[in-house]
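Written below as structure tokens is the structure these notes are about.
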Amino acid sequence: MTGRTRNLKGLLRILAIVLVLMMAVQIFSLGVVPALAASGRPLSPVATVAPDAGYDKPNTKTFLITTTYGEKVRVVFYKDDLFRIWLANDGTGDFTEGDSYLLLDKENFGSEPEVTYSYNTTNPNMPYHSFATGALELRAYVNPFLFGLYKDGEAVWQESTPLTYDVGAATQLLATDPNEYFYGGGMQVGNLS
């Protein structure tokens with residue numbers, strides 16, 4: 001092998017490394033890597049919303065949201081200010097309880113909450129299904145299928161991407177405000193922390 005051939009091979013290696021680094025920079029700048037953090041399949045757009053007769057817990061108001069690909073999400077209101085977004089385990093209708101029933105379904109919260117359902121097309125580019133009580137409004141935007149919680153017309157939280165699901169896991173990513181700080185808390189293995 002001549003010196004010229006070695007120099008050419010070395011130059012090609014350096015060029016290959018530079019190309020790989022440029023691709024990595026491009027991936028990070030496009031935000032592809034953070035999107036991969038929410039692994040799994042994202043929910044497709046909302047197709048229908050209907051009262052859910054398949055959930056028989058007394059004193060609840062329940063709705064079933066079905067997407068264009070047949071994925072199912074159950075929204076259960078226990079009180080005016082307490083609700084659950086429940087994604088089917090397999091995405092298409094298996095609402096197996098697991099341990100979640102221990103916290104909510106054993107409790108009787110009294111009378112059935114009053115929930116007003118409506119379909120809002122005020123902004124034709126972002127229509128949504130509204131589930132409103134005296135305390136809050138839960139919105140299910142159609143396309144993309146995003147949830148948002150509002151109180152007195154102000155956003156409490158808003159999803160930044162649709163719910164994603166995979167075997168045994170679901171991921172919800174919330175939008176953040178630059179002036180917002182998260183200090184933790186919430187449920188940890190059945191205990192409030």
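The values are calculated or read from the model by the stated rules, or taken from the named source; none is laboratory data. The shown structure was predicted, so the numbers you read here are calculated from the model rather than taken from an experiment. With ideal geometry, Cβ positions are generated from the backbone for all residues, glycine too; neighbour counts draw on all protein chains shown. For the accessible areas, the whole protein counts, side chains as well, though only heavy atoms, and no ligand, DNA or RNA atoms are used. Shrake-Rupley method; radii C 1.70, N 1.55, O 1.52, S 1.80 Å.
Some points to look at:
- Looking at 84, 139, 74, just one residue is touching an Asp or Glu at 6+ places or on another chain (Cβ under 7 Å) and either basic (Lys, Arg) or at pLDDT 90 or above (or both), and that residue is 74.
- Residues that are open to solvent by less than 60 Å² (accessible area, probe 1.4 Å) and assigned to a loop (DSSP other than H, G, I, E, B), drawn from region 154-167: 161, 162, 163
- Taking region 41-82 as the range and being surrounded by fewer than 19 Cβ atoms within 10 Å (Cβ to Cβ), under 21 Å from residue 135 (Cα atoms) and either under 14 Å from the mean Cα position of the chain (by Cα) or of a type in the set (Ser, Thr, Tyr) (or both) as the test, only 74 passes.
- Applying the criterion of being hydroxyl-bearing (Ser, Thr, Tyr) and part of a strand (DSSP E or B) to the residues of region 39-70, the residue that is farthest from residue 87 (Cα to Cα) is 48.
- Hits in region 104-140 - residues which are open to solvent by less than 80 Å² (accessible area, probe 1.4 Å), assigned to a strand (DSSP E or B) and free of Cβ contacts under 8 Å to residues at least 24 places away in the same chain: 118, 120, 128, 130, 132, 137, 139
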